[in-house]
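Data block below; observations after.
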Amino acid sequence: MKKVKKAVIPAAGFGTRFLPITKAVCKEMLPIVDKPTLQYIVEEAVASGMREILIVTGRNKKNIEDYFDYTPELDAVLEENVQEEFLKISRSMENLADIYFVRQKHPIGFADAVMYAKPFTGDEPFGILLGDDIIYTEKGQTPGIRQLADSFEKTGKTTVALMRVEDADIPKYANVKAHQVEERLFGIEKIVEKPKIAEKFSNDAVIGRYVVDSGIYDVIKKTPPSPKGEVYFTDSLGFLAADGCLNGYRFEGKRYDAGNKLDYMKANIEFALRDPALGSGLKAYIKEIAEKL
């Protein structure tokens with residue numbers, strides 16, 4: 001089985017859940033402490049051995065490309081002022097990975113965005129990381145997408161990330177019917193997009209991490225569009241499930257939905273608390289303000 005060395009990050013959405021700020025700043029560039037959400041996603045891919053990364057963008061998202069580019073004017077100022085620490089941070093962006101960009105011409109969904117990756121991935125398997133989902137892993141833990149890639153390289157089956165959710169959250173996610181194969185590995189028999197609670201298969205939800213092979217492009221092509229004309233990626237995965245070619249992996253780590261305002265705020269607080277330079281001061285402040293509110 002081929003090794004998973006490439007990653008695709010769809011980043012063409014409008015970010016409507018974060019209006020009005022997303023009228024001017026694309027959602028992938030909203031910061032968690034001092035780094036854009038997208039950087040956490042890229043770093044997860046790189047830590048997983050996926051140094052070739054394609055970001056699928058859209059109109060008015062050129063600042064994503066600029067962010068990962070060389071910034072000679074800024075670097076010159078930092079050098080002149082002997083700000084070595086900040087200079088190291090600035091230059092780390094251009095050396096983080098081999099990052100490529102393509103524009104999704106029309107914002108017609110996730111499956112369409114994946115199709116733009118075909119010239120980039122060729123006949124190789126690849127990881128897909130959605131920018132709304134951040135997976136935090138402790139030091140020494142395997143990064144989220146790498147856990148799926150390891151499973152894919154053993155089984156050869158497309159693998160999606162699974163997470164247990166409460167009943168109230170069932171209508172927010174793709175839901176699966178599956179049987180357990182190993183401790184964290186499940187064979188998916190059926191998958192449906194955002195069912196009603198009464199129609200759920202289980203409390204296992206699919207979140208934004210996938211490892212697929214090049215056959216996914218043919219599957220997407222044969223997937224009938226919805227009445228709105230959009231091909232749903234979940235429907236494509238349904239064909240794989242029906243053929244016994246879809247696995248789910250219940251990953252280790254903590255997932256934050258950076259597209260949800262409350263979860264986004266939690267991510268900012270928790271990542272700041274983990275920061276040695278910020279943690280103690282913020283913790284004291286939270287205790288102080290909590291007593292007053």
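Only one of the numbered conditions (1) under 21 Å from Asp213 (Cα atoms); (2) crowded, with 16+ Cβ neighbours inside 10 Å is violated by Val165, and that is (1). Among the residues making up segment 52-66, a single one is surrounded by fewer than 16 Cβ atoms within 10 Å (Cβ to Cβ) and either β-branched (Val, Ile, Thr) or touching a strand residue (DSSP E or B) at 6+ places or on another chain (Cβ under 7 Å) (or both): Glu65.
For segment 73-95, name all the residues that are at pLDDT 85 or above and closer than 20 Å to Gly49 by Cβ. Passing the criteria: none in range. Of all residues in segment 245-256, those that are out of contact with any Gly (no Cβ under 7 Å at 6 or more places or on another chain) and either of a type in the set (Gly, Ala, Ser) or modelled with pLDDT under 95 (or both) total 1. If you go through segment 177-186 and pick out every residue that is without any contact (Cβ under 8 Å) to a residue 40 or more places away in the chain and either loosely packed, with under 14 Cβ neighbours inside 10 Å or outside any strand (DSSP E or B) (or both), you end up with 4. For segment 243-257, the count of residues that are among the aliphatic types (A, V, I, L, M) and without any contact (Cβ under 8 Å) to a residue 12 or more places away in the chain is zero. So, in segment 221-238, of the ones that are out of contact with any Gly (no Cβ under 6 Å at 6 or more places or on another chain) and surrounded by fewer than 17 Cβ atoms within 10 Å (Cβ to Cβ), which residue ends up nearest to Ile128 (Cα to Cα)? Of everything passing the filter in segment 221-238, Lys221 is nearest to Ile128 (Cα to Cα). Give the residues of segment 104-137 that are part of a loop (DSSP other than H, G, I, E, B), touching a residue at least 40 places away in the same chain (Cβ under 8 Å) and of a type outside the set (Val, Ile, Thr), sorted by residue number. Gln104, Pro107, Gly109, Tyr116, Ala117, Gly122, Asp123, Glu124, Pro125, Leu130, Gly131, Asp132, listed by residue number.
Here the condition is being touching a Gly at 6+ places or on another chain (Cβ under 7 Å) and either within 17 Å of Leu237 (Cβ to Cβ) or surrounded by 14 or more Cβ atoms within 10 Å (Cβ to Cβ) (or both); of Ala111, Ala117, Ala149, it holds for Ala149 alone. Of the residues in segment 10-31, at least one is within 24 Å of Glu138 (Cβ to Cβ) and either exposed (fewer than 14 other Cβ atoms within 10 Å of the Cβ) or more than 17 Å from the chain's Cα centre (by Cα) (or both).
Just one of the listed residues (Ala272, Ala241) is of a type in the set (Gly, Ala, Ser), surrounded by 21 or more Cβ atoms within 10 Å (Cβ to Cβ) and modelled with pLDDT of 95 or more, and it is Ala241.
Listed here are the residues, each with its yes/no results for (1) in contact with a His (Cβ under 7 Å, 6 or more places away or on another chain); (2) buried (at least 17 other Cβ atoms within 10 Å of the Cβ); (3) not charged (D, E, K, R).
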site	(1), (2), (3)
Lys172	no, no, no
Asn175	no, yes, yes
Lys196	no, no, no
Glu199	no, no, no
Ser202	no, no, yes
Val219	no, yes, yes
Leu262	no, no, yes
Gly281	no, no, yes
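Residues that are acidic (Asp, Glu) and over 15 Å from Ala12 (Cα atoms) within segment 29-79 comprise Asp34, Glu43, Glu44, Glu52, Asp66, Asp69, Glu73, Asp75, Glu79, listed in sequence order. Can you find even one residue in segment 45-55 that is more than 22 Å from Val102 (Cα to Cα) and at pLDDT 90 or above? Yes, segment 45-55 contains a residue that is more than 22 Å from Val102 (Cα to Cα) and at pLDDT 90 or above. Criterion applied to Val4, Val77, Val82 was being surrounded by fewer than 18 Cβ atoms within 10 Å (Cβ to Cβ), of a type in the set (A, V, I, L, M) and not in a helix (DSSP H, G or I), and the one residue passing it is Val82.
Within segment 235-264, the only residue that satisfies the criterion of being out of contact with any strand residue (DSSP E or B) (no Cβ under 7 Å at 6 or more places or on another chain), under 22 Å from Phe201 (Cα atoms) and polar (S, T, N, Q) is Ser236.
The values are calculated or read from the model by the stated rules, or taken from the named source; none is laboratory data. Remember, predicted model here, so these are calculated numbers, not experimental data. Every residue, glycine among them, receives a Cβ derived from its backbone with ideal geometry; neighbour counts consider all protein chains shown.
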